[in-house]
Amino acid sequence: MSYSRTAACRFTVASWSEDLLVDIDGDGTKAGDAYYPNRGFSRAEVSYKYTGALDATSTLTYLIAYRPEGGPVVGFEQVTGSLDGHDGSFVLRHTGSQDAGSVTARLEVVPGMGTGGLESLRGEADLRIAGHSEDGYELELRYDL
């Protein structure tokens with residue numbers, strides 16, 4: 001779909017808490033306090049902080065599937081703040097995939113879930129992350145209001 005506006009921003013992870021839901025084989029990897037099954041899935045409760053044309057914070061719930069070759073990720077994120085001077089909130093649906101070193105996802109604004117100056121927001125973004133960054137990650141939201 002084509003949109004008339006673009007908002008460039010960066011986001012950082014403010015918090016991440018992941019809980020194992022299913023461990024299919026009882027076999028996985030520990031990293032610090034976290035356990036990642038070779039096959040299974042978990043739920044992650046996440047908060048992001050956005051800066052740039054999108055100045056906001058968010059609350060996100062991911063369902064993450066683990067397989068040796070990588071697996072799907074789905075989630076819903078409520079973003080609250082200001083987008084190019086318009087205050088309010090909106091919801092993003094995340095649909096993507098992950099493996100040990102990267103994440104790719106399509107983020108789509110869920111129609112009918114916006115508030116305030118973002119009530120009629122429509123848009124999408126493509127997310128590609130390779131590796132960990134303390135400085136955050138770039139995101140470009142293509143949108144109409």
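The values are calculated or read from the model by the stated rules, or taken from the named source; none is laboratory data. The structure presented is a predicted model; accordingly, all values stated were derived computationally and were not measured. All Cβ positions, glycine included, derive from the backbone under ideal geometry; neighbour counts span all protein chains shown.
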- Task: Report yes if Ser82 is small (Gly, Ala, Ser), at pLDDT 95 or above, in a strand (DSSP E or B) and more than 16 Å from the chain's Cα centre (by Cα), otherwise no.
- Result: yes
- Message: Being closer than 15 Å to Val91 by Cα and in contact (Cβ under 8 Å) with a residue 24 or more places away in the chain is the requirement here; does Ser47 meet it?
- Response: yes
- Regarding Glu77, is this residue under 24 Å from Glu134 (Cβ atoms) and modelled with pLDDT of 95 or more? yes
- Item | Number of the condition not met by Leu145 [criteria: (1) of a type outside the set (S, T, N, Q); (2) closer than 18 Å to Trp16 by Cα; (3) surrounded by fewer than 19 Cβ atoms within 10 Å (Cβ to Cβ)] | (2)
- Query: Got at least one residue in region 62-78 being in contact with a His (Cβ under 9 Å, 6 or more places away or on another chain), part of a strand (DSSP E or B) and surrounded by fewer than 17 Cβ atoms within 10 Å (Cβ to Cβ)?
  - Reply: yes
- Note on the structure: Selection from region 109-137 of residues hydroxyl-bearing (Ser, Thr, Tyr), farther than 13 Å from Val91 by Cβ and either within 13 Å of the chain's Cα centre (by Cα) or assigned to a strand (DSSP E or B) (or both) yields Tyr137
- Task: State whether the residues of region 100-118 include one that is surrounded by 15 or more Cβ atoms within 10 Å (Cβ to Cβ) and basic (Lys, Arg).
- Result: no
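A quick yes/no check of all residues on (1) under 22 Å from Ser2 (Cα atoms); (2) among the aliphatic types (A, V, I, L, M); (3) touching a residue at least 40 places away in the same chain (Cβ under 8 Å); (4) in a strand (DSSP E or B):
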{"site": "Thr59", "(1), (2), (3), (4)": "no, no, no, yes"}
{"site": "Gly88", "(1), (2), (3), (4)": "no, no, no, yes"}
{"site": "Val91", "(1), (2), (3), (4)": "yes, yes, no, yes"}
{"site": "Leu107", "(1), (2), (3), (4)": "yes, yes, no, yes"}
{"site": "Leu139", "(1), (2), (3), (4)": "yes, yes, yes, yes"}
